[in-house]
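A short reminder: the numbers here are calculations on the coordinates, not readings from a lab. Not measured: the values here are computed from a predicted model. Reconstructed Cβ throughout: ideal geometry from the backbone, glycine too, with neighbour counts over all protein chains shown.
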Amino acid sequence: MGEGPEAGAGETALRPLPDRPFHTSIAARATELAPLRVALRGWLAAMGVPELDADDLLVAIGEACANAIEHGYRFAGDERVTVCLALRAGRLEAQVRDTGGWVEPRTDPAATGRGRGRMLMATLMDEAVIVGGPHGTTVRLSKRIRG
């Protein structure tokens, strides 16, 4: 893909615009996570987000998406996960949403070795809020960027 002034019009349109939020909807399949990370990293770089903050956000969003795919849609076929990011006043705000069902964990995560995704999100972000209900789950992540 071209990046200089000679890049074609179609290629230019694919680059993230620094004044625009990131918004996408991916198929609820694990194979969609790597292309999502590439797109997110491009947007974060275009926004001037330091690499360490970008890495933290990529891990947290990856965990939120993986949870949506594994838990929210465990028996569904053609479902989607929506990912939105914005940079506001030096703070990255992200939202990951699925429309699958919410299941409250029945056992202590420490006993099962599960639940690390929630821990990672809480550790890497300044704020990580998970709101689940019968019509889906929304994960809200927030982090003040360095610099």
**Request:** Sticking with the crude label model, points 7 Å out along Cα→Cβ, report the distance from Glu70 to Ala45 in nm, one decimal please.
**Result:** 2.9
**Fill in**
Counted neighbours (other Cβ, 10 Å), sorted fewest up, put Leu141, Leu85 in the order Leu85, Leu141
